[in-house]
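The values are calculated or read from the model by the stated rules, or taken from the named source; none is laboratory data. In this text the structure is predicted, and so the values were computed from the model without any measurement. Methodologically, a virtual Cβ is constructed for each residue, glycine included, from the backbone with ideal geometry; neighbour enumeration extends over all protein chains shown. With ligands, DNA and RNA removed, areas are computed over all heavy atoms of the protein, side chains included. Shrake-Rupley method; radii C 1.70, N 1.55, O 1.52, S 1.80 Å.
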Amino acid sequence: QVQLVESGGGLAQAGGSLRLSCAASGRPIRSYTMGWFRQAPGKEREFVAGLSWSVGVTLYADSVKGRFTISRDNAKNTVYLQTNSLKPEDTAVYFCAARRQFEPVTTPREYDYWGQGTHITVSS
């Protein structure tokens, strides 16, 4: 079992930046592929970014490609999501997730563990 706790959300202006953190406990995250998802009010949870546990394979949603960056610090057992050039449509609750399989995928049900989420609000 791995427990995930997100932090770093808040209020940002359009064009601004925030760095989200996902601190893991219970198991080392180097054994997991990690992902970030988001869910806006009234919408389904959607994939944002993923990073494999080995080789460093990354995957991004088209809507965030070039603006968001996922990274991991295995020594700190933490995954990050750097969000730049934020837009109002990025407003959502952001969730960290982990899966035991190698490849990052975009389907939420393929992930085994989830955090509680951290909220980003982007004002125009």
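Quick look at the numbers
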read-out: Qualifying residue in region 44-61 (condition: without any contact (Cβ under 8 Å) to a residue 40 or more places away in the chain and of a type in the set (Lys, Arg)); value: no
read-out: Qualifying residue in region 49-60 (condition: buried (at least 16 other Cβ atoms within 10 Å of the Cβ), in contact with a Gly (Cβ under 6 Å, 6 or more places away or on another chain) and of a type in the set (A, V, I, L, M, F, W, C)); value: yes
read-out: Residue among ALA98, ALA92 that alone is in contact (Cβ under 8 Å) with a residue 40 or more places away in the chain, under 14 Å from ALA24 (Cα atoms) and open to solvent by less than 20 Å² (accessible area, probe 1.4 Å); value: ALA98
read-out: Filter result for GLY35 (open to solvent by less than 50 Å² (accessible area, probe 1.4 Å), over 20 Å from VAL122 (Cα atoms), of a type outside the set (S, T, N, Q) and free of Cβ contacts under 8 Å to residues at least 40 places away in the same chain); value: no
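Here is a yes/no grid of residues against (1) assigned to a strand (DSSP E or B); (2) touching a helix residue (DSSP H, G or I) at 6+ places or on another chain (Cβ under 9 Å):
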residue	(1), (2)
GLU6	yes, no
CYS22	yes, yes
LEU81	yes, no
LEU86	no, no
VAL105	no, no
